[in-house]
């Protein structure tokens with residue numbers, strides 16, 4: 001019975017980056033032997049156990065064979081006879097298929113260290129093509145390690161293209177697709193995730209509302225990059241600069257979906273794309289079973305981002321309409337996320353990445369002063385029923401007006 005550190009922990013140690021979690025493989029053991037040593041079984045589909053002291057995961061060495069469609073379409077075999085090399089061979093990428101012994105020796109049967117040095121994301125064996133979820137995993141690793149210079153190997157990208165068909169990708173559950181996407185939104189360069197999915201053809205299958213945006217022009221005076229799809233990638237990049245919050249990054253990704261509905265005869269103008277995009281966000285969220293908080297913020301970003309951009313020129317009554325429409329009084333934290341997504345939109349344009357965005361500070365101040373007015377400030381003897389709400393709104397508009405002259409945009 002031998003225990004090896006495996007996967008991401010070995011990879012990250014060799015890269016010299018912090019190891020967030022450690023996984024272990026146990027060779028030569030049985031489930032009974034593990035429980036006898038105090039390990040707690042937790043795996044429903046695989047023989048996985050938690051260490052009695054550290055709670056780290058220890059999995060029995062196993063092999064897998066494709067026997068059906070989807071993530072669960074695998075036959076798994078675990079026994080004391082399965083070798084470490086056989087276990088490593090079932091993994092997705094060579095940089096994830098290394099192990100370290102208790103003595104500190106690196107076991108690397110598939111050239112993971114070579115590919116670390118070459119900054120390549122390369123599949124281990126042809127069995128990579130048995131699991132279409134690996135298309136998203138590779139794209140996610142590309143987003144994680146882009147800043148270190150990693151790229152997807154050509155032969156791996158070719159395999160990903162073979163997998164990126166409706167027949168293959170539709171076998172994935174919406175929950176697993178969203179889980180990988182949500183994790184990718186939290187990576188250092190989430191825009192790379194989208195780009196890699198587009199490069200292999202998976203974006204058109206999984207997120208056609210986003211893929212459609214590529215090739216659609218925008219007015220050059222506002223968008224020097226012109227292409228709407230490229231703009232979305234730039235906005236997502238800027239959102240990652242502003243915050244680690246995946247909600248904001250999702251809002252950045254979907255804020256312009258409505259431009260995909262603009263008739264070609266109206267290009268490069270996209271009048272009304274804000275409201276048109278809301279139904280596309282809802283459609284995407286329903287199909288991919290995206291959590292309601294993401295859907296809500298995505299709809300807010302689509303509907304209100306142009307109002308946020310024009311905030312410094314809006315009348316106080318229209319500012320109030322924005323605050324009410326975005327539910328800012330009840331959900332101020334989401335309103336702040338809307339402002340961050342809008343700032344990313346303003347900066348996600350070629351040559352304008354560092355432009356000031358005073359609109360955000362101004363709107364935060366508007367929400368603050370309007371929010372300081374409550375029902376206690378309305379005379380209940382003079383105003384009842386609907387008149388009470390109208391008076392409360394009037395007082396809040398007055399508070400916004402009293403902020404003084406609207407500053408000039410820089």
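What to note about this one:
- Applying the criterion of being modelled with pLDDT under 95 and within 19 Å of residue 321 (Cβ to Cβ) to the residues of the stretch 395-410, the residue that is surrounded by the fewest Cβ atoms within 10 Å (Cβ to Cβ) is 402.
- Any hit, the stretch 81-90, residues being out of contact with any strand residue (DSSP E or B) (no Cβ under 9 Å at 6 or more places or on another chain) and either in contact (Cβ under 8 Å) with a residue 24 or more places away in the chain or within 25 Å of residue 26 (Cα to Cα) (or both): yes
- Filtered residues of the stretch 26-50 (kept if assigned to a loop (DSSP other than H, G, I, E, B) and surrounded by fewer than 17 Cβ atoms within 10 Å (Cβ to Cβ)): 28, 30, 37, 38, 42, 43, 44, 45, 46
- With respect to (1) in contact (Cβ under 8 Å) with a residue 24 or more places away in the chain; (2) outside any helix (DSSP H, G or I); (3) touching a strand residue (DSSP E or B) at 6+ places or on another chain (Cβ under 7 Å), the lone exception for residue 156 is condition (2).
- Residue match in the stretch 262-285 (condition: surrounded by 19 or more Cβ atoms within 10 Å (Cβ to Cβ) and either over 27 Å from the mean Cα position of the chain (by Cα) or farther than 17 Å from residue 212 by Cα (or both)): no
- The stretch 102-118, residues that are at negative phi and either touching a helix residue (DSSP H, G or I) at 6+ places or on another chain (Cβ under 9 Å) or crowded, with 21+ Cβ neighbours inside 10 Å (or both): 106, 107, 108, 109, 110, 112, 113, 114, 115, 116
- Where a residue in the stretch 287-306 is more than 10 Å from residue 326 (Cα to Cα) and its partner, wherever it lies, is outside any helix (DSSP H, G or I), with Cβ under 7 Å and at least six apart: 302/255; 305/255
- In the set (1) at pLDDT below 95; (2) surrounded by 15 or more Cβ atoms within 10 Å (Cβ to Cβ); (3) more than 28 Å from residue 132 (Cβ to Cβ), the condition left unmet by residue 62 is number (3).
- Filter result (outside any helix (DSSP H, G or I) and surrounded by 14 or more Cβ atoms within 10 Å (Cβ to Cβ)) within the stretch 241-261: 243, 245, 255, 256
Per-residue answers, yes or no, for (1) in the same structural domain as residue 279 (by TED's automatic domain parsing); (2) out of contact with any strand residue (DSSP E or B) (no Cβ under 8 Å at 6 or more places or on another chain); (3) surrounded by 17 or more Cβ atoms within 10 Å (Cβ to Cβ); (4) in contact (Cβ under 8 Å) with a residue 60 or more places away in the chain:
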| site | (1), (2), (3), (4) |
| --- | --- |
| 141 | no, no, yes, no |
| 169 | no, yes, yes, no |
| 184 | no, yes, yes, no |
| 188 | no, yes, no, no |
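- Matching entry among 360, 387 (being assigned by TED's automatic domain parsing to the domain that holds residue 255 and under 36 Å from the mean Cα position of the chain (by Cα)): 360
- Criterion (touching a residue at least 60 places away in the same chain (Cβ under 8 Å), surrounded by fewer than 20 Cβ atoms within 10 Å (Cβ to Cβ) and closer than 20 Å to residue 249 by Cβ) met by exactly one of 340, 352: 352
- When 163, 121 are screened for being free of Cβ contacts under 8 Å to residues at least 40 places away in the same chain and either surrounded by fewer than 20 Cβ atoms within 10 Å (Cβ to Cβ) or within 23 Å of residue 5 (Cα to Cα) (or both), only 121 passes.
- Residue in the stretch 323-343 that is touching a helix residue (DSSP H, G or I) at 6+ places or on another chain (Cβ under 8 Å), in a loop (DSSP other than H, G, I, E, B) and under 20 Å from residue 223 (Cβ atoms) present: no
- When residues in the stretch 66-91 are screened for being touching a helix residue (DSSP H, G or I) at 6+ places or on another chain (Cβ under 8 Å) and at pLDDT below 85, 3 of them pass.
- Checking each residue in the stretch 1-19 for being surrounded by fewer than 19 Cβ atoms within 10 Å (Cβ to Cβ) and in a loop (DSSP other than H, G, I, E, B) picks out 1, 16, 17, 18, 19.
- Of the residues 331, 355, the single one that is closer than 24 Å to residue 232 by Cα and under 28 Å from the mean Cα position of the chain (by Cα) is 355.
- Test: residue in the stretch 214-233 that is under 16 Å from the mean Cα position of the chain (by Cα), assigned by TED's automatic domain parsing to the domain that holds residue 254 and surrounded by 17 or more Cβ atoms within 10 Å (Cβ to Cβ): yes
The values are calculated or read from the model by the stated rules, or taken from the named source; none is laboratory data. Not measured: the values here are computed from a predicted model. No Cβ is skipped: glycine too gets one built from the backbone with ideal geometry, and neighbour counts run over all protein chains shown.
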